[in-house]
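A short worksheet on the structure shown next.
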Amino acid sequence: MRTVLGIESSCDETAAALVTDGRVILAQRIASQDEVHRPYGGVVPEIAARAHAERLAPLIEATLADANMRLEDVDAIAATAGPGLIGGVMVGLVTAKALAMAADKPLIAINHLEGHALSPRLADPGLEYPYLLLLVSGGHCQILGVEGVGRFRRLATTIDDALGEAFDKTAKLLGLGYPGGPAVERLAARGDARKVPLPRPLVGSDEPHFSFAGLKSAVMRAKQAMDKGAGYTEADIAASFQQAAIDCLVDRTRRALKNVGEMNALVVAGGVAANQAIRSALETLAAEHRLAFVAPPLALCTDNAAMIAWAGVERLALGQSDPLDIAARPRWPL
Ligand code: KG4
Ligand code: ZN
């Protein structure tokens with residue numbers, strides 16, 4: 001059995017996890033910075049980096065203690081090396097390098113998006129390559145053919161905003177605070193999705209991509225109209241927004257399924273995959289195509305270190321590791 005220590009610090013979660021090649025999460029800890037950034041209504045990169053620098057080392061110590069392990073007992077150290085907020089990425093990657101050097105263990109630099117992309121395989125041993133992946137997070141909105149470790153075929157991306165960003169902006173407009181996605185989902189459950197007419201950008205289009213900028217501006221206009229007495233509530237706006245987003249996701253994914261070769265499953269990952277309405281719409285789409293539907297458990301959808309450790313497990317199994325001078329990358333497309 002081999003065990004990888006994973007470290008995640010690319011946004012506003014400081015996280016460490018120990019994961020085995022038998023798909024067991026021996027221990028994992030996440031220190032969320034929600035409280036730190038809430039007064040600003042979004043993540044402040046400099047403050048995030050400082051918080052990671054304060055919290056990461058004790059968090060790793062506690063994670064090892066939870067599993068009754070010492071650093072010498074792990075087989076490799078994997079850390080997010082990008083893409084993300086560079087200050088935080090550097091804190092995690094440099095910590096991983098120091099630990100790898102001190103304990104004489106291989107270092108594995110992980111692309112955060114690959115962490116999300118492979119996380120469904122940690123939860124589901126039956127999930128084989130290739131699969132069609134809808135990767136929806138705060139910074140990304142892509143449809144990928146996942147053919148193996150490091151082997152991705154990008155079939156669609158967003159031409160403007162990511163879907164998580166649209167959820168966060170909608171939350172801000174509706175006064176729901178930060179983080180926005182879960183708050184919009186909760187409010188949407190009480191609203192009527194037919195009340196507020198909103199656009200579905202690119203739905204039915206021949207090109208493969210996503211666009212959410214127009215939807216975001218329409219939400220802003222709807223809120224202004226509501227304030228002037230249009231006959232609907234914030235919950236109706238949230239529900240209508242969420243339904244428009246779902247219609248876009250389903251249409252674009254359906255198009256990708258039509259054009260891609262044989263796939264073993266339809267998979268959704270990334271922070272927005274925590275949304276239950278989105279999951280069930282995609283589950284229905286998969287059933288229509290007689291495809292297995294896989295979505296990681298909620299805790300594995302939003303940023304975490306178990307997915308980074310798991311990507312490390314997969315890379316270690318292929319004999320891969322990285323040199324100690326590997327760079328942190330703010331941008332790093334799959
Ligand atoms: O993957 P993630 O934790 O961080 C990035 O790598 O971006 O994704 C965070 C994003 C945020 O935009 C957040 O609002 C969104 O995922 N999110 C949700 C939900 N939970 C998190 N969006 C919609 N519904 C949710 N339940
Ligand atoms: Zn993420």
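Every read-out reported here was derived from the displayed coordinates using simple, explicitly stated rules and does not represent laboratory data. Computed from a predicted model, the values in this text were never measured in an experiment. FYI the Cβ positions are ideal-geometry reconstructions off the backbone, even for glycines, and counts take in every protein chain you see.
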Among CYS248, MET226, ALA189, the residue whose Cα sits farthest towards the positive end of the charge dipole of the stretch 129-295 (+1 at Cβ of Lys and Arg, -1 at Cβ of Asp and Glu, taken about the Cα centre) is MET226
So how tilted is helix 234-259 from the main axis of the chain? Cα-based, degrees 0 to 90, rounded to 10.
70 degrees
Candidates ILE143, ILE86, ILE308, ranked by Gaussian network fluctuation over the chain, Cα under 10 Å, top entry
ILE86
What residue among TYR40, TYR131, TYR178 has the largest mean-square fluctuation in a Gaussian network model of the chain, using Cα springs under 10 Å?
TYR40
Taking max minus min of the Cα coordinates of the stretch 129-295 on each principal axis, largest first, gives extents in Å of 51, 28, 28
Separation of the MET69 and TYR129 label points, Cα + 7 Å toward Cβ, nm
2.4 nm
Per principal axis, largest first, the Cα atoms of the chain extend in Å by 64, 47, 30
What distance in nm separates the two pseudo spin-label positions at ASP34 and GLN320, each 7 Å out from Cα along the beta-carbon direction?
3.3 nm
Reachable lysines, given that their alpha-carbon falls under 26 Å from the alpha-carbon of LYS169 and they are not under 8 places away in the same chain:
LYS195, LYS216, LYS223, LYS228
Kindly express, to the nearest 10 degrees and within the range 0 to 90, the angle between helix 86-103's C-alpha long axis and the longest C-alpha principal axis of the chain.
20 degrees
For the chain, what does the helix formula give at 222 nm: sum of -39500 (n - 2.57) over DSSP H segments with n ≥ 4, over the residue count, nearest 500 deg cm²/dmol?
-14000 deg cm²/dmol
Evaluate the charge dipole of the stretch 129-295 about its Cα centre and quote only its size in Debye, nearest 20, assuming +1 on the Cβ of each Lys and Arg and -1 on the Cβ of each Asp and Glu.
100 debye
Taking amide hydrogens as modeled 1.01 Å from N in the peptide plane, which residues meet the under 5 Å criterion relative to ALA156, leaving out close sequence neighbours?
ILE143
Net charge near SER211, counting Lys/Arg +1 and Asp/Glu -1 over other residues with Cβ under 11 Å of its Cβ?
0
Given points 7 Å out from each Cα along the Cα-Cβ axis, report the VAL203 to ASP21 separation in nanometres with one decimal.
4.7 nm
